[in-house]
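**Student:** Please see the structure below; I have some questions.
The values are calculated or read from the model by the stated rules, or taken from the named source; none is laboratory data. This one's a predicted model, so the numbers in the text were calculated from it and none came from an experiment. So basically every Cβ, Gly included, is an ideal-geometry build from the backbone, and we count neighbours across all protein chains shown.
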Amino acid sequence: MSRLISLRLAVSIVLASALLPAAGFAQSQDSVAEAARRARAQKKNSEKPVKVVTDETLEVKKGDVQSAAAEQLRMPGTPETPAQPAPANAPSSAAQNEKKASEDEKLAKEVAALKEQIKQAQSDLDLAKREQALQQDTYFSNPDYVHDTAGKAKLDALKQQITDKQQELDRLKARLAELQPQGDSITAPPKS
């Protein structure tokens, strides 16, 4: 009997020693996951502030053409270049600027709308290609696909749709390419 008690005691000790590290491992995994969650939350909360460049914070390098002009503007008592009078028969520059700004705005809206149309056309084309692949798999998985005229007709119709959608997408991209060189002056910063 004492042997039986000893055996039970030994088995329970072996089981306890086997399960104890597993419980500790699960607890350490939970703490690692919790630490990762806390680190992610802390990273989200501590975003870097945006640096705003002003005349005061602008670093001017000696010998640079732009810096020389900037230094002249900053120095008090430097003579400014006199404003040249506009010719009397020329339209005012404010009206020209306003007209150019409205044209640029109109062009920017047209380019944005065209980009949205291209995005939609690309999505439709991808969807049609996936549908064709699915129908093709279905058609060719039929052992008697040679006699399946309805399946063949459906595949041909999908192929024609894909061709039409590809042509429409190419047309939209060509239109965007026509507008883009003109629109680049709007969105691209001036090169120095």
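**Student:** For the range 1-15, what are the residues that are exposed (fewer than 10 other Cβ atoms within 10 Å of the Cβ) and either under 53 Å from the mean Cα position of the chain (by Cα) or modelled with pLDDT under 80 (or both)?
**Tutor:** Correct list: Met1, Ser2, Arg3, Leu4.
**Student:** Let me confirm something: among Lys165, Lys119, which residue is surrounded by 14 or more Cβ atoms within 10 Å (Cβ to Cβ), charged (D, E, K, R), part of a helix (DSSP H, G or I) and modelled with pLDDT of 90 or more?
**Tutor:** Lys165
**Student:** Can you say whether Ala94 is loosely packed, with under 10 Cβ neighbours inside 10 Å and either of a type in the set (Gly, Ala, Ser) or at pLDDT 65 or above (or both), as far as the supplied structure shows?
**Tutor:** yes
**Student:** Sticking with this one: Quick check on my filter: what residues within the range 123-148 are over 38 Å from the mean Cα position of the chain (by Cα) and within 30 Å of Leu169 (Cα to Cα)?
**Tutor:** Phe140
**Student:** How many residues are assigned to a helix (DSSP H, G or I), of a type outside the set (Phe, Trp, Tyr) and free of Cβ contacts under 8 Å to residues at least 24 places away in the same chain when one looks only at the range 122-162?
**Tutor:** Looking only at that region, the number is 23.
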